[in-house]
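Written below as structure tokens is the structure these notes are about.
The values are calculated or read from the model by the stated rules, or taken from the named source; none is laboratory data. In this text, all values refer to a predicted model and were calculated from it rather than measured experimentally. Reconstructed Cβ throughout: ideal geometry from the backbone, glycine too, with neighbour counts over all protein chains shown.
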């Protein structure tokens, strides 16, 4: 691992109260890159959406594990949220705005849309019965002042 590259991994029970833990832990880790307040808020929101999806949709009938990894490389942040839950039957359908597989929970169906709007890239790999992996990449703008 290069001197400018850093990595962390969390694994926790798929309980809704752990969503805020994941969000704060990733934000604290990313803070070493000195992101803007807006960038940090966007990262926290994207993590919240990905972790909430893993908890609610990955394990609708019980509890399992959610893993969050975060890699910092220069000015780029890569966040991966994984579950070993039920998986997504149709990833393209799930990525459509306003689509939800859990209307019983009054979900907005905007999770992937929010992740995509706050990331430069979002990749989703899912296999029914095996789980889902969401990878978000965001390049930070320098928050250091420039002098002309």
Practice problem: Search the stretch 43-64 for residues being out of contact with any helix residue (DSSP H, G or I) (no Cβ under 7 Å at 6 or more places or on another chain) and crowded, with 18+ Cβ neighbours inside 10 Å, and hand back the single one that is modelled with the lowest pLDDT. | Solution: 57
Quiz prompt | Which listed residue is in contact (Cβ under 8 Å) with a residue 24 or more places away in the chain, closer than 21 Å to residue 141 by Cα, in contact with a strand residue (DSSP E or B) (Cβ under 7 Å, 6 or more places away or on another chain) and not in a loop (DSSP other than H, G, I, E, B), from 42, 78 | solution = 78
Quiz item: Within the bounds of the stretch 6-16, is there any residue that is over 25 Å from residue 87 (Cβ atoms), crowded, with 19+ Cβ neighbours inside 10 Å and touching a residue at least 12 places away in the same chain (Cβ under 8 Å)?
Solution: no
Exercise. Scan the stretch 109-148 for residues that are part of a loop (DSSP other than H, G, I, E, B) and modelled with pLDDT of 60 or more and report the count.
Key: 11
